[in-house]
1. Among the listed residues LEU311, LEU270, identify the single one that is modelled with pLDDT of 95 or more and not β-branched (Val, Ile, Thr).
2. List pairs: first residue in the stretch 176-187 and in contact (Cβ under 8 Å) with a residue 40 or more places away in the chain, second residue in a helix (DSSP H, G or I) anywhere in the structure, Cβ distance under 8 angstrom, at least six positions apart or on different chains.
3. Can PRO261 be described as within 16 Å of the chain's Cα centre (by Cα), crowded, with 17+ Cβ neighbours inside 10 Å and in contact (Cβ under 8 Å) with a residue 12 or more places away in the chain?
4. Kindly list the number of the only condition in (1) modelled with pLDDT of 75 or more; (2) over 19 Å from TRP9 (Cβ atoms); (3) among the hydrophobic types (A, V, I, L, M, F, W, C) that fails for MET101.
5. Considering each of ARG53, ARG42, ARG8 in turn, give the residue that is charged (D, E, K, R), at pLDDT 65 or above, surrounded by fewer than 18 Cβ atoms within 10 Å (Cβ to Cβ) and in the same structural domain as ALA84 (by TED's automatic domain parsing).
6. Quick one: would you say GLU341 is in a loop (DSSP other than H, G, I, E, B) and of a type in the set (Asp, Glu)?
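The values are calculated or read from the model by the stated rules, or taken from the named source; none is laboratory data. Note that the coordinates shown come from a computational prediction; the quantities given were computed from them, not determined experimentally. Reconstructed Cβ throughout: ideal geometry from the backbone, glycine too, with neighbour counts over all protein chains shown.
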Amino acid sequence: MSDERLRRWRLVLGGEGGHDGTGVSLSGTDQGMDAVLAALYREGDAGSGGGRRAGLGASAPNVARWLGDIRQYFPATVVQVMQADAIERLNLTRLLLEPEMLEAVEPDVHLVGTLLSLNNVLPAKARSTARAVVGKVVAELERRIAQKTRSAVTGALNRAARINRPKHREIDWNRTIRANLKHYQRSHRTIVPERLIGYGRAARAVQRDVVLCIDQSGSMAASVVYSGVFGAVLASMKSLKTSLVVFDTAVVDLTDQLHDPVEVLFGTQLGGGTDINRAIAYCQGLIGRPRDSIFILISDLYEGGVRDEMLRRVAAMTGAGVQVIVLLALSDEGRPSFDHENAAALAALGVPAFACTPDAFPDLMAAAIERRDIKGFAEKLQRSQA
């Protein structure tokens, strides 16, 4: 029998100390794969001489970690089977339904990601509890980010709406000076401002179109949660026209659910492959006013679609005047894993790819609305987080 077949049998049988009869020792990634299999498909008990002896136990953090591990080691189709088996074999529904568990573990973004990853295999009874947990976290996130986001966006829109007959307190001195440099009086060492430029009030009409395009692969769970909440906040502002699109290998437009961020999150499907090119193609069709549009792609850039075409689409959008921003993550999780080659290719197009914390996102939106240098914003953000 070949070494590869012996290795596979060792993973299937789960024996230790040679009890499986294969004589194969595991290392590296195989050890991690064996551990997640052992936690689910254990045989015998802790006192037996063979079989799998690991387990998840009645611990929500352990469950969350295990769900992340299986997405790391197995393809989406296998992950779905293992999640369904976990619900049945380890009684995870009991864990999700127990009030004691929810009291012991503070519901947070990561727990929401766990519940969303189980979305398609949760029994009907568990869904109501899951929605309650997600609703609690979403409400807390909205309290944290809504006011700052609205203030930052409104201020940016006001500053972007320039007027030429401003009151004194509304004068934009930097722009006024630049516009009147030709009127510099050398003898008096001053500028005669024949034309004043000021900050105007944002009109009631839609000032910017915002398209959020969110990668819903398993590694992006926290980013999906934050993006859904931010999307709902932006959609509540009449001065913005906000669209929200999620994708894996398929594309789903959730714009009509933005009035309820909980519905948005339960409309996602964490896991699966990634076709960024297909998602960008769909979003291009949503953009009718390129120079007044902001396109935000939130993805780790691991492309399963046509990479060259994806880059051509981004170049076409920037060439048409769209403000394109690529976020490798929208979360507090620290340095993300991402495709460095694709990130470098986007940077060469003038589109820097960087991670952004939820607290910094309102300032990023303000910078985008005012068409400030996003590369400079990213560099400043990275220095502040170092």
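1. Being modelled with pLDDT of 95 or more and not β-branched (Val, Ile, Thr) holds for just one of LEU311, LEU270, which is LEU311.
2. If the second residue must be in a helix (DSSP H, G or I), no pairs are left.
3. Here the answer is yes, as PRO261 does meet what is asked.
4. For MET101, the exception is condition (1).
5. One residue alone meets the criteria, ARG8.
6. No, not satisfied.
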